[in-house]
Amino acid sequence: MQNRMLSIHDQFPDFELLGAYNGQEITISSTSLKGLWSVIFFYPEDYSFICPTEVTGFDDYQEYFQSKDTHLLGISIDDVSTHLEWSKELGIDYPLGSDPDGNLAKKVGVLDPVDNRAHRATFVLDPAFRVQFAMVTSRNVGRSVEETVRVYHAIQSGKKCPAEYREKKE
């Protein structure tokens, strides 16, 4: 039976994954991310057609998220060596987590049971690791990183935000 996808105010599960960052194999855990905001996104696999557009799209906003003390983490089923090679090739400046058995993707309800790869899913988590935004899109449709950033801004504002809300530039 497929787990339901996490929704608003659900607790994101604890995890520990091996990953790639700055040309090194690292361990990424929920414990190390808690206490700050996090944007965690799942994608099907490295070296595919759509995934590099999303992964590099998030990289374009990496410095912004860093300036807001927000963790950014991409996760797929690929092994660490593949992540290391791919992130170097793409010039990615944030961690990519390896979920080879799809255990974390299954826990959060975004594992495709047909091919055991993650759907394209994005979660914005508050410092207590509770979901404040959750979105999933069809495998054939790349997500809008700009929309994720827009929603992140809106959540951070603490205000009631209408459609197309944008952070005011100072």
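No lab work stands behind these numbers, since they all come straight from the coordinates. The model shown is predicted, which means the values in this text are computed figures rather than measured ones. Cβ placement follows ideal geometry from the backbone for every residue including glycine, while neighbour counts extend to all protein chains displayed.
Of note:
- Under-5 Å amide H pairs with LEU72, H placed in peptide plane, nonlocal only: VAL39
- A crude spin-label estimate for the pair LYS159 and LEU36, with each label 7 Å from Cα along the Cβ direction, gives 2.6 nm.
- Whole-Hz Karplus values for segment 96-104 come out as 10, x, 9, 10, x, 8, x, 5, 5 Hz, taken residue by residue from phi with 6.51 cos²θ - 1.76 cosθ + 1.60 and θ = phi - 60°; glycine and proline positions read x.
- One way to sum up the overall shape of the chain is the equivalent ellipsoid from its Cα gyration tensor, whose semi-axes run 23, 18, 16 Å, largest first.
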